[in-house]
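Read-outs throughout are calculated quantities, based only on the coordinates presented, and are distinct from any laboratory measurement. Computed from a prediction, not measured in an experiment: that's the story for all the values here. Don't worry about glycine lacking a Cβ; one is built from the backbone with ideal geometry, like all the others, and counts go over all protein chains shown.
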Amino acid sequence: MKLFYTILAAVLLFTACKKETIIETGTPAPTSGNLNITMKNMVGAEDLVMSDLRYTNAAGNLYSINLLKYYMSNVVLHKKRGGNVNVSIYKLIDASNLSTCTFSVGNFDADEYDSISFGLGIDQGRNHTGAQDGDLDVSKGMYWTWNTGYIFYKHEGQYKNAANQLKPLIFHLGTDAAYSTVKLPINLIINGNKTMELKFDVNSAHTSPVNIDFNTDNNHQSSSSADMPWISNMKSNLSDAFSFVRVF
Amino acid sequence: MRSKSFKFLLYCVLPLAFFACKKENTSAVEDKGLTPYNLVIPNGFPAMMIPSDNPMTVEGVALGKLLFHDPILSGNNTQSCASCHLRKFGFSDSSNQFSTGIQGLKGPRNAMPLINLGWATQFFWDGGAANLESQVVGPIQNPLEMHQDLVAALVELNAHPTYPALFKKVFGGTQIGTSMLMRAIAQYERTLISGNSRYDQFKRGTTTLSQSEMRGMNLFQNPNKGDCAHCHTMGGLFSDFDYRNTGLDSIAVDKGRELITLKPLDRGKFKTPILRNIEVTGPYMHDGRFKTLEECVQHYNVGYHYTQNLDPNLVNSVKGRLNNAEVQDIVAFLKTLTDTEFLSAE
């Protein structure tokens, strides 16, 4: 009788919180591995060097990057044989701080994955409150206090204008309209712990499909209706500024 | 032996099984040794929506009240929220058109009263803050207000002799984080409820209004006269919580709601203010341009500009529809919304 109660108690305790789990019968218990993502922030083929007036974009503007931060969120890994794994994650990448550029996405089944999607920015569901922790803590400086919401992408630096003068460059991209989903082909086999390297090319964020010329677009803070065209250009540019490098 | 193990199951294990999955709620609050805060909602008011991740507790409200009044949150420790939001003025800023921040700078807008905030859905004149929690860090960081770096504010709080223990009691954790600061102050703000003015007492049948006040109330609601209730809805709240352009300027100086939605159609629109305690919250409008209630009423009577986004209710109104006596009656009615109990509470 005592044993019965103990078992009953144990069952109650363990079933109480169970989410639905899918048990694939007939297949051997899959092994799994942890996946890290490492972001390589680059300008063209060069590793990013902070605060150096050395880059030229497609419009021919010479410019620098004194600050570069962006949010990656909601990672989805797509299995080659179909099906995906969704991970709710909100990760702030700060190009000047390498420790923020590698992060764990979680544990994945041993399998072959052929593409990854992630959000650039914060989805609507999480973008409208500041009472959040971790990388969404508003003291990270990526939050607008006068218009509740996160700055998805922040680039501050300088550029040389048409008259050869040094001018400030301020790009603060945000609002729900700016949220984009990036999808990349990858070549990932999980059969143990893995690190996947992805590249972000800052020049590409100003280039394709829309060329952004700093002489006309140099101070956008997503705060006026005049910023709308720039928001939509940046959104499409950013969604193909990322690429897969390698897995190790 | 058998009955002992049964008792063990009944009293210890079963409750565990039930609590294991519980989200934050009243009993979870009690589990942490906190006392649920009993909000008293005035008759005729709808229920207040409390966010599920910030349940009201006596301890949380007390902590929020302490923080609201503590200059520790400002850059040079000279200014608190209460410096610009004073209870006797309905938690607005005395007679200042524009409040002065810690560096002597003035912002472009009139400090808002903090009354019945728990029923509003967005905050600031343009509704830029999406909830009460999110609003809190605005004034702390604003260079024209308390001008404090959030990281520095948290360092100061974490090094304080008493705050760490108070925060830990309410929110757990080992460090005071920004989200805790936001939640504590929001809890206190939700307790600032005013619903016992002479108007409320009249609605409850415990007092009578004067002839002039009664006429004013009717004019306030009459669509061909004041037509005020169109936006300042009757009942408990006196606001539709929508954004309206009341034609204060022919060319909007402050873009208002457009700053948030980035839509030109929202230019010059501002949140409909709740008119409670309006007698003491002057000067009036988002930029504090009017000193008296007469000026406000006359604005709707004759003053408004036929600007691009002027609210349709005003487009359709007839200018000069109120005579002087009627203006005075509406002002008399507005003053019945003064709640002396609220304004003089501790």
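Look at the dipole of chain A built from charges on Cβ: of A:Asn233, A:Thr195, A:Tyr153, the Cα furthest out on the positive end belongs to A:Thr195. Considering helices alone, the calculated mean residue ellipticity of the protein assembly as shown at 222 nm is -6500 deg cm²/dmol, with DSSP H runs of length four and up weighted by -39500 (n - 2.57) and normalised per residue. Which entries of B:Lys269/B:Lys291; A:Lys40/B:Lys106; B:Lys106/B:Lys169; A:Lys140/A:Lys194; B:Lys291/B:Lys319; A:Lys235/B:Lys65 show an alpha-carbon separation above 32 angstrom in the structure shown? Too far apart for the 32 Å limit: A:Lys40/B:Lys106; B:Lys106/B:Lys169; A:Lys235/B:Lys65.
Computed over region A:90-207, relative contact order equals 31 percent, with contacts defined as Cα pairs under 8 Å that lie 6+ residues apart. Applying the criteria of a DSSP loop state and at most 10 other Cβ atoms within 10 Å to the trypsin sites (Lys or Arg not before Pro) of region A:30-85 yields A:Arg81. As a rough footprinting exposure proxy, the listed residues B:Leu265, B:Leu34, A:Leu77 were ranked by other beta carbons within 10 Å of their own, and the order from fewest upward is B:Leu265, B:Leu34, A:Leu77.
Quick one: angle between helix A:228-239 and the longest Cα principal axis of chain A, in degrees between 0 and 90, rounded to 10, please. Around 60 degrees separate the two axes. Since only A:Leu77, B:Leu275, B:His69 are under comparison, the one whose Cα sits farthest along the positive direction of the charge dipole of the protein assembly as shown, derived from C-beta charges on Lys, Arg, Asp and Glu, is A:Leu77. Magnitude of the charge dipole for region A:31-247, about its Cα centre and with charges confined to Cβ atoms of Lys, Arg (+1) and Asp, Glu (-1), is about 160 debye.
Based on the Kirkwood approach, the hydrodynamic radius assigned to region A:31-247 is 17.9 Å, with every pair of different Cα atoms included.
Along its principal axes, the protein assembly as shown has C-alpha extents of 91, 85, 47 angstrom, given from the largest down. About its Cα centre, the protein assembly as shown has a charge dipole of approximately 1180 debye under the convention of +1 per Lys or Arg Cβ and -1 per Asp or Glu Cβ, with nothing else charged. Where is the GNM fluctuation largest for chain B (alpha-carbon springs, 10 angstrom cutoff): B:Ser74, B:Ser95, B:Ser250? Top of the fluctuation ranking is B:Ser250.
Applying both filters, DSSP loop and at most 15 other Cβ atoms within 10 Å, to the chymotrypsin sites (Phe, Trp or Tyr not before Pro) of region B:306-346 gives B:Tyr306. Relative to the longest principal axis of the Cα atoms of chain B, the long axis of helix B:178-190 lies at roughly 60 degrees. Computed from Cα positions, the angle between helix A:2-15 and the longest principal axis of chain A comes to roughly 20 degrees.
Rounded, prolate or oblate, given the Cα gyration tensor of region B:185-244, with a/c below 1.5 counting as rounded?
oblate
Rg/Rh, computed from the Cα trace of chain B with Rh as the Kirkwood radius, has the value 1.05.
Just how many % of Cα pairs in region B:198-344 lie over 22 Å apart, if you round to the nearest whole percent?
Here the long-distance tail beyond 22 Å is 39 percent of all Cα pairs in region B:198-344.
Summarising the label geometry, the points placed 7 Å from Cα in the beta-carbon direction at A:Asn66 and B:Val315 lie 4.6 nm from one another. Taking only Cα atoms and a 10 Å spring cutoff, compute GNM fluctuations for chain A and point out the largest among A:Asn164, A:Asn187, A:Asn41. Taking springs between Cα atoms under 10 Å, the residue moving most is A:Asn164. Globularity index of region A:142-241 is 1.27 (Cα radius of gyration / 2.2 N^0.38 Å, N = number of residues). Under 5 Å between amide hydrogens, built in the peptide plane, is the criterion, and for A:Leu169 it picks out A:Gly157, A:Gln158, A:Tyr159 among residues at least 5 positions away or on other chains. This model, with +1 at the C-beta of Lys and Arg and -1 at the C-beta of Asp and Glu, gives region B:198-344 a dipole about its Cα centre of some 180 debye.
Give the distance, in whole Å, between the Cα centre of region A:169-183 and the Cα centre of region B:151-168. So the separation of the two Cα centres works out to 34 Å.
Summarising the label geometry, the points placed 7 Å from Cα in the beta-carbon direction at A:Val245 and A:Ser232 lie 3.4 nm from one another.
Each semi-axis of the equivalent ellipsoid for region B:49-190 is √(5λ) with λ an eigenvalue of the Cα gyration tensor; in descending order they amount to 23, 19, 13 Å. Annotation: extensible slack from A:Asn193 through A:Val210 equals 2.3 nm (criterion: 0.36 nm per residue apart, minus Cα-Cα distance). Between B:Gly235, B:Gly60, B:Gly226, find the one with the highest GNM mean-square fluctuation for chain B; connect C-alpha pairs within less than 10 Å. Maximum fluctuation in the GNM of chain B, among the listed residues, is at B:Gly235. Only Cα pairs under 8 Å and 6+ residues apart enter the sum, and on that basis the relative contact order of chain A stands at 23 percent.
If a/c stays under 1.5 just call it rounded; otherwise compare a/b with b/c (prolate if a/b is bigger, oblate if not). Do that for region B:136-192, with a ≥ b ≥ c from the square roots of the Cα gyration tensor eigenvalues.
oblate
When the Cα positions of B:His147, B:Trp119, B:Asn96 are compared along the charge dipole of region B:82-157, B:Asn96 comes out farthest toward the positive end, with charges on each C-beta of Lys, Arg, Asp and Glu.
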